[in-house]
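Step one of this worksheet: look at the structure below.
Since every read-out is calculated from the coordinates, none of them should be taken as a lab result. Since the model is a prediction, treat every value here as computed from it, not as a measurement. A quick note on method: Cβ atoms are made from the backbone with ideal geometry, for glycine too, and the neighbour counts reach across all protein chains shown.
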Amino acid sequence: MNKVRWGIIGAGNISNTFAKAVLTLPRAELAAVAARNLDSAKAFALKYDIPKVYGSYLEMVKDNEIDAVYIATPHSHHYEHMMLCLENGKHVLCEKAFTVNEQLSKKVIDVAKSKKLMLMEAFWTRFLPMTQKIKELIAENSIGEIKAIHTHFGFDLTHLGPKSRVFDLTLAGGALLDVGVYVINSATMYLGNKPDKITCVGKKGQTGADYKNSIILEYGDKIATLSSSIDTRYANKQFIVGTKGMIEVPEFWQCQKAIITEHNKEVYEINLPHGVNGFEYEIGHFMDCLFEGKTESDIMTFENTLAIAKITDACRKQMDLVYPFE
Ligand SMILES: NC(=O)c1ccc[n+]([C@@H]2O[C@H](COP(=O)([O-])OP(=O)(O)OC[C@H]3O[C@@H](n4cnc5c(N)ncnc54)[C@H](OP(=O)(O)O)[C@@H]3O)[C@@H](O)[C@H]2O)c1
């Protein structure tokens, strides 16, 4: 394979970001888009000059001229849509949250493994140049041993209304799976996949979904304090605190800037802006895996995906948060 022919499932908001990034990648082709309604697929295809449109996801995954599928549907449907793709021989890049729980995530991973197909959770922030740079700084001991991570990530999305995907419990909406996974992902990236203890407090809103939550992950003498919200705009900063200094990441989920304080040295700033919109790095990595014949990423591994799911499962239990379809 020297070119990847992409199909898109779901012609919603974030599929636009994906499509814009794919258009800039030389070995990628936007081959098809599928929506539940043919007119939506047509309107989306028109914007990005996509040659094939489907009014059914099933019809698209049966197309032999598609290699890989990007799934951007609500969290509640990721499992079903990933299965649909894998059963029809497609490689899959699926948006976060990967599925609604660890058990379903394991099942999909097992199917991908048995079919020798590439599967990855689309955790775009893992692939950003600044994320890689922060990892380097930590590995070089710039801030010493990490002792604490504090991250806030919240938006006021109430203008979208309670029926919106983000608030709708029947679509596995809520702060935890929508934005909380970012703060969890980031903590596991720097402190590890296996916290000793997980504590979570949530505040539910009118739909029954968690509109905000705060999580504490304990790792021996290290701690991560993580907060996320879909009804309140937070500072959206991250502080990675070590024994010799700290790294501050403003607008942490975009991760384009870091302010580094090393004790006894001047504070300095690193800026690594996205080349396109930030999605180009994860898509490029996914395609490199395909070109190299790999079926699992070494940056967003299955273990990483399952670790996040295990933590969200524990948080949901403590918040007494059950989705109606479970
Ligand atoms: N990586 C990021 O930065 C980022 C940002 C935002 C969202 N996301 C993730 O991307 C996914 C999609 O989010 P979005 O903001 O793009 O959502 P959205 O605008 O609501 O789009 C979701 C799409 O899902 C499809 N869909 C299939 N079954 C559905 C159902 N029963 N109800 C509603 N929609 C259904 C619809 O596609 P058709 O009707 O077109 O078929 C819809 O366009 C979520 O997993 C979200 O967490 C990621």
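If you find the alpha carbon centre of the stretch 263-292 and of the stretch 1-78, how far apart are they in angstrom?
Using only Cα atoms, the two centres lie 24 Å from each other.
Trypsin sites (Lys or Arg not before Pro) within the stretch 10-40: which are DSSP loop residues with at most 15 other Cβ atoms inside 10 Å?
Filter output for the stretch 10-40: Arg27, Arg36.
Using DSSP to define loop residues, name the GluC sites (Glu not before Pro) in the stretch 205-294 whose beta-carbon has at most 15 other beta-carbon atoms within 10 Å.
Working: sites: Glu218, Glu248, Glu251, Glu262, Glu266, Glu269, Glu280, Glu282, Glu292; in loops: Glu251, Glu266, Glu292.
Listed in order of number, the matching sites are Glu251, Glu266, Glu292.
Reachable lysines from Lys204, Cα under 18 Å, same-chain residues fewer than 8 places away excluded?
Answer for Lys204, where 18 Å is the Cα cut-off: Lys163, Lys212, Lys317, listed by chain and number.
Excluding Pro74 itself, what net charge comes from residues whose Cβ is under 9 Å from its Cβ, given Lys and Arg +1 and Asp and Glu -1?
0
If I measure Cβ to Cβ between cysteines in the chain, which ones have no partner under 4.7 Å?
Taking the Cβ cut-off of 4.7 Å, the unpaired cysteines of the chain are Cys85, Cys94, Cys255, Cys289.
Can you give the relative contact order of the chain as a percent, counting alpha carbon pairs under 8 Å and 6+ residues apart?
Result for the chain is 19 percent.
Cα gyration tensor of the stretch 1-78, axes a ≥ b ≥ c as square roots of the eigenvalues: rounded (a/c below 1.5), prolate (a/b > b/c) or oblate?
rounded
Just to verify a number: FRET efficiency for Lys106 and Lys42, C-beta to C-beta distance, R0 = 25 Å, to 0.05?
0.10
As a quick test, which of the pairs Lys3/Lys116; Lys20/Lys96; Lys90/Lys135; Lys106/Lys294; Lys237/Lys294 have an alpha carbon distance above 23 angstrom in this structure?
Details: Lys3/Lys116 19 Å; Lys20/Lys96 19 Å; Lys90/Lys135 32 Å; Lys106/Lys294 19 Å; Lys237/Lys294 35 Å.
Check vs 23 Å cut-off fails for Lys90/Lys135; Lys237/Lys294.
Residue separation times 0.36 nm, minus the C-alpha to C-alpha distance between Asp298 and Asn264: what's the value?
Between Asp298 and Asn264, full extension yields an extra 8.6 nm.
Could you tell me which helices of the chain pass both thresholds, a Cα extent of 24 Å or more along their own axis and a mean Kyte-Doolittle hydropathy of at least -0.5, with helices taken as whole DSSP H runs?
Working: long enough: 302-319 (25 Å, -0.13).
Flagged H segments are 302-319.
Running a GNM on the chain with Cα contacts under 10 Å, which residue among Ile216, Ile283, Ile14 ends up with the highest mean-square fluctuation?
Ile14
Could you tell me whether the stretch 86-235 comes out rounded, prolate or oblate from its Cα gyration tensor? Rule is a ≥ b ≥ c as square roots of the eigenvalues, rounded for a/c under 1.5, then prolate if a/b exceeds b/c, otherwise oblate.
Taking the square roots of the gyration eigenvalues as a ≥ b ≥ c, the stretch 86-235 is oblate.
Please check: in the Gaussian network model of the chain (C-alpha springs, under 10 Å), which one of Lys116, Lys265, Lys52 has the largest mean-square fluctuation.
Highest fluctuation among the options: Lys265.
As a test of the formula, what do you get for the chain when each DSSP H run with n ≥ 4 contributes -39,500 (n - 2.57) and the sum is divided by the residue count, at 222 nm and rounded to the nearest 500 deg cm²/dmol?
-10000 deg cm²/dmol
Find out how many positive minus negative residues lie around Gly278, taking Lys and Arg as positive, Asp and Glu as negative, among other residues whose Cβ is under 12 Å from that of Gly278.
-1
Provide the net charge surrounding Tyr234, with neighbours chosen by a C-beta distance below 10 Å and charges set as Lys +1, Arg +1, Asp -1, Glu -1.
Details: positive: Lys212, Arg233, Lys237; negative: Asp156.
Taking every other residue near Tyr234 into account, the sum is +2.
Counting DSSP beta bridges with both partners in the chain, what percentage is antiparallel, nearest 5?
DSSP beta bridges in the chain are roughly 55 percent antiparallel.
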